[in-house]
Amino acid sequence: MSLRFHLFGSPRVDVAGTSHALPSERRGQLVAFLAMKQAWVGRPELAALFWPDQSSKLAFANLRKTLFRLQGVAWADGLEVEGSAVRMVATTDVADFEAALRDGRVADALPLYTGDALRGLDDGQSEAWTGWLHFERERLRTAWRSAALDYLQGEIEPAAGVDVSARLLDADPLDEAALRAHMVWLSRHGHGARARQMKDRGGVVVDDEQIRSAWPGTVALEAHQPTCSLIHARHAALLASPRRQHPVARERSWP
């Protein structure tokens, strides 16, 4: 059975035409983690991630119990166990997002990001899980923001520029780079008055000189000329290096 995980925003799984929300408990967290990893993961790493404060015997027992409870569950159909390793076989929006950025298909990547990953799967029981979750969210958020800002420097349709820059501002209303970009694209789309009204949005003041400095060729908010800047590939590097394990999610040495 083919599974499709939507890991950005509130996580859900599409199975045979039906969408299932991942439960906010250990089963849902475990499945989401494996879907994000897209690789075999050792039982010791999983036990240390989800039950870091328990003895090795109890942590492994809880892992076995959680894996057993996933048997026959539709949204965990892609779960595979082989010896001491576990993996989830499925496609995900996060994997597609990262692949698109690596391939330079920024226009395909940007719509896939719909918000912080695994929203609602936080808990206060495992510091290791919380640390890994925050690390991944920040990594993906940074990659998306970098790609979006580069995309906005390219030759795109004004409506697309307004949409992408608005999404950046929705994510962070105090993002000055996003604010400058949004003002520029509003003006290019024929909304110079709205662009001028945003100069003091949220207490962040952006003047015409800042806009001209960030957007070569811009004369004023009312009369922008398209730039010929190339979309940079630096966001690919943001995806490569963070594939290392987050320090708090490393395999624990059991006594």
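A short reminder: the numbers here are calculations on the coordinates, not readings from a lab. Note that the coordinates shown come from a computational prediction; the quantities given were computed from them, not determined experimentally. All Cβ positions, even for glycine, are placed from backbone atoms using ideal geometry, and neighbour counts span all protein chains on display.
Some points to look at:
- Subtracting the Cα-Cα distance of ARG196 and ASP123 from 0.36 nm times their residue separation leaves 22.0 nm of extension gain.
- For ARG4, the residues 5 or more places off, or on other chains, whose built amide H falls under 5 Å of its own are ASP14.
- Between THR142 and SER2, the simple label model (points 7 Å from Cα in the Cβ direction) yields a spacing of 3.5 nm.
- Distance from the alpha carbon centroid of the stretch 140-185 to that of the stretch 65-80 works out to 40 angstrom.
- Listed from fewest to most Cβ neighbours within 10 Å, the set LYS65, LYS37 follows the order LYS65, LYS37.
- Inter-label distance, HIS134 to ASP108: 3.5 nm, where each label sits 7 Å from its Cα along the C-beta direction.
- Rounded FRET efficiency, nearest 0.05, which uses the C-beta distance separating TRP40 from GLU157 and R0 of 45 Å: 0.55
- 17 Å cut-off, amide nitrogen to a point 7 angstrom out along ALA99 Cα→Cβ, residues in the stretch 29-49: 35-40
- Gain on full stretching of the segment that runs from VAL89 to ALA61 - 0.36 nm per residue minus C-alpha separation: 7.7 nm
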